[in-house]
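Peer 1: My questions will all concern the structure given below.
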Amino acid sequence: MTTTQTRNHPSPPPVRLPLWDRRFTLYFAARTVSLFGDAMMPVAAALAVGALYGISGVGIVLGTWTGTFVVLVLFGGVFADRFGARRMMVGADLARVLTQGVLAVAFFAGQPPFWLLVSMAALAGAAVAMFLPGVNGMVPLVAAEPQRANATLKVADALAHLLGPALAGLLITLTGAGTVYAIDAGTFLLSALCLGLIRLTPGGAKAPAPAEAAQDTGPARSLRRDLRQGWHEFRSRTWMWAVILIWVVYGVLLFGPLVPLSSALIGARLGPNAYGLAVSFLGVGTVLGGLLALRLRPARPLAAGAVAMALYTVLPLCVALGAGLPLLLAGHALGGGALAFWSVMWATSVQTHTPPAVLNRVSAYELAGSVSGIALGQILAGPATALAAPGRLLLVSAATCLVGCAALLAIPAVRTLRRADPLPDLAG
C-alpha cells in the first residue's frame, strides 16, 4: 500500500469493548457491597475484640479465620471449577450472613465468649475459602478486558476501605460492635442476591467461557486429580510460585502483624477513631492506585507492580516511628496506592496467563500460599511483643517490604513477564 493509500484508508483504531454490561454491573454491585462490609471487619475485630481480649485475642481470632481459609481454599478452587464459581460464591455469602448475624446478636447481648468469636471466625474463614477462588475466575466471565475490570473493582475496594473503617470506628464508639456485624451480614445478603441474578448461559450477552461450560457438562473428576492438575499448572509458572514464596514471608513479617500491632500503637497513642481514620486513608490511596492502574498498561506488569510496592514500606515505618496524624494518614494513603497498583497487575497477570478451565484452582493455590503466611503472622503478633516492642517489630516489617521488592525485581521470570491480551473467546 502506498503512502497516499495509507492516508486515505487509515487503519481503524482498536475497538474498546464495553465494560458496563448487565453481567459486570451485577458483579460489580455484589463485590462493592460485600467489600464495604469486609472493610469494617478489621477495625471491628481490632477494637471490639481487642478491648475484651487484648492483642493476643485479636491475633488468635484473625489467625483462626485466616488459618481455616488456608486449609480449605484448595478445595474451594476445585469446587469452583467443578460446580461453577458463581454458585460457590452465592453459597459462601449466605454462610457469612449466618456467622456475622450470630456475632451481631452476641455483641448486642453483651460480651461474647471467646470460644464463640473463634468458632465464628473459623466458619467465616471456611466460607471465604469457598468464595475467593471464584473471584479471579469470574472476572474473565463477566468482562472482556480483565485489566479494566480489575482496576475498576480495585477502585470499588478502595472506596469501601475509605468509608468502611471510619464508619466502623464511629459505630463502635456510638452503638457498639453489634451494629457493625449486623451491617456486615446485610452486605453479604445483598451480594448473594446480585450474584444470583448473573446469568452465564448462551442466551446472555456473551456465551459462557469454556471454564464455565466445562463446570456444568464435563464428566465427574476425582478430587485428587483436580488438585494435582491445579498444582501442576501453578508450579509450571516460575513467576507465579516465586511471587507467592515472597508473599509467604510478607505474610509472616509484614501483612500478618500489621493490623494487631498498628491498631494497638495508634489506638493507644491517638485513640480508636484515629486508627479508623488511618485505615480509611489506606482506602484513599487504594482509590488512587486503582485509577492509575486503569490508565497505565505497562508492558511488564509485575516489574511495574514491584516498583510501586516498594512505596508500601512507608506505611509500617510511619507507625513504628510514631508519626503525627497528618504524616500517618499520608503514609497509609501511599501504602494503599502501592498495594492497589500491585494487586491489579498481579490479578490481571494470573487471569491472562492461566487457561480458563483451571483458573479457579490455580487461584486457590496462589491464595493458599499468600495467605498462609498472614495467618502465622497474625497468631504470632501477640507473643512476639514479649520479645520486642511493637514499634521495633514494625521496623522489621518495613525492612521486609523493601527486601521483598528487591527480590521480585531480581527474579528474571517475574521481572520479564510481559502483558498478555485477553483470550479471544472471552470477548464475546
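The values are calculated or read from the model by the stated rules, or taken from the named source; none is laboratory data. Note that the structure is a prediction, hence the values are computed from the model and not measured. In this analysis, Cβ positions are derived from the backbone assuming ideal geometry, glycine residues included, and neighbour counts consider all displayed protein chains.
Peer 1: Suppose we filter region 20-48 for residues that are acidic (Asp, Glu) and farther than 12 Å from Asp157 by Cβ; how many remain?
Peer 2: First, the residues of region 20-48 that are acidic (Asp, Glu): 21, 38.
Then drop every residue that is not farther than 12 Å from Asp157 by Cβ, which leaves 21.
Going through region 20-48 one residue at a time, the tally reaches 1.
Peer 1: Could you list, in sequence order, the residues of region 334-345 that are over 24 Å from Arg418 (Cα atoms) and buried (at least 24 other Cβ atoms within 10 Å of the Cβ)? Quick ask: steps written out before the conclusion?
Peer 2: Of all residues in region 334-345, those over 24 Å from Arg418 (Cα atoms) come to 334-336.
Matches in region 334-345: Gly335, Gly336.
Peer 1: Would region 181-191 turn up any residue that is crowded, with 21+ Cβ neighbours inside 10 Å and farther than 20 Å from Asp93 by Cβ?
Peer 2: No: region 181-191 contains no residue that is crowded, with 21+ Cβ neighbours inside 10 Å and farther than 20 Å from Asp93 by Cβ.
Peer 1: Quick one: how many residues across region 322-333 are touching a residue at least 40 places away in the same chain (Cβ under 8 Å) and either under 19 Å from Ala143 (Cα atoms) or crowded, with 23+ Cβ neighbours inside 10 Å (or both)? Spell out how you get there, then give the answer.
Peer 2: Our first condition is that a residue be touching a residue at least 40 places away in the same chain (Cβ under 8 Å); within region 322-333, this holds for 322, 325, 328-330, 332-333.
Next, from what is left, pick out any that are either under 19 Å from Ala143 (Cα atoms) or crowded, with 23+ Cβ neighbours inside 10 Å (or both): 328, 332-333.
Final tally of qualifying residues: 3.
Peer 1: Among what's in region 5-36 and is surrounded by 10 or more Cβ atoms within 10 Å (Cβ to Cβ) and modelled with pLDDT under 70, pick the residue that is nearest to Pro140 (Cα to Cα). Explain how you work it out, then say what you get.
Peer 2: Initial filter on region 5-36 (surrounded by 10 or more Cβ atoms within 10 Å (Cβ to Cβ)): 6, 17-36.
With modelled with pLDDT under 70 added as a condition, the list becomes 6, 17-19.
Values: Thr6: 36, Leu17: 13, Pro18: 13, Leu19: 11 Å.
Checked region 5-36; the qualifying residue nearest to Pro140 (Cα to Cα) is Leu19.
Peer 1: Of Ala160, Ala144, Ala156, which residue is at negative phi and not in a helix (DSSP H, G or I)? Walk me through it before giving the result.
Peer 2: Working: Ala160 fails: not in a helix (DSSP H, G or I); Ala156 fails: not in a helix (DSSP H, G or I).
Exactly one of Ala160, Ala144, Ala156 is at negative phi and not in a helix (DSSP H, G or I), namely Ala144.
Peer 1: What is the number of the single condition among (1) buried (at least 24 other Cβ atoms within 10 Å of the Cβ); (2) in contact with a Gly (Cβ under 9 Å, 6 or more places away or on another chain); (3) over 25 Å from Pro260 (Cβ atoms); (4) β-branched (Val, Ile, Thr) that Thr348 does not meet?
Peer 2: Exception for Thr348: condition (2).
Peer 1: Restricting to region 227-242, give me the number of residues that are closer than 22 Å to Ala306 by Cβ and either touching an Asp or Glu at 6+ places or on another chain (Cβ under 8 Å) or of a type in the set (Gly, Ala, Ser) (or both).
Peer 2: Going through region 227-242, the residues closer than 22 Å to Ala306 by Cβ turn out to be 234-242.
Those still in the list that are either touching an Asp or Glu at 6+ places or on another chain (Cβ under 8 Å) or of a type in the set (Gly, Ala, Ser) (or both) too: 234, 236, 240, 242.
Residues that pass the stated criteria total 4.
Peer 1: Answer with yes or no whether Leu282 is over 16 Å from the mean Cα position of the chain (by Cα), in contact (Cβ under 8 Å) with a residue 60 or more places away in the chain and either farther than 18 Å from Leu245 by Cα or in a helix (DSSP H, G or I) (or both).
Peer 2: On the way: over 16 Å from the mean Cα position of the chain (by Cα): no; in contact (Cβ under 8 Å) with a residue 60 or more places away in the chain: yes; either farther than 18 Å from Leu245 by Cα or in a helix (DSSP H, G or I) (or both): yes.
For Leu282, the condition - over 16 Å from the mean Cα position of the chain (by Cα), in contact (Cβ under 8 Å) with a residue 60 or more places away in the chain and either farther than 18 Å from Leu245 by Cα or in a helix (DSSP H, G or I) (or both) - is not met.
Peer 1: Within region 358-370, is even one residue buried (at least 24 other Cβ atoms within 10 Å of the Cβ), β-branched (Val, Ile, Thr) and in contact with a helix residue (DSSP H, G or I) (Cβ under 8 Å, 6 or more places away or on another chain)?
Peer 2: yes
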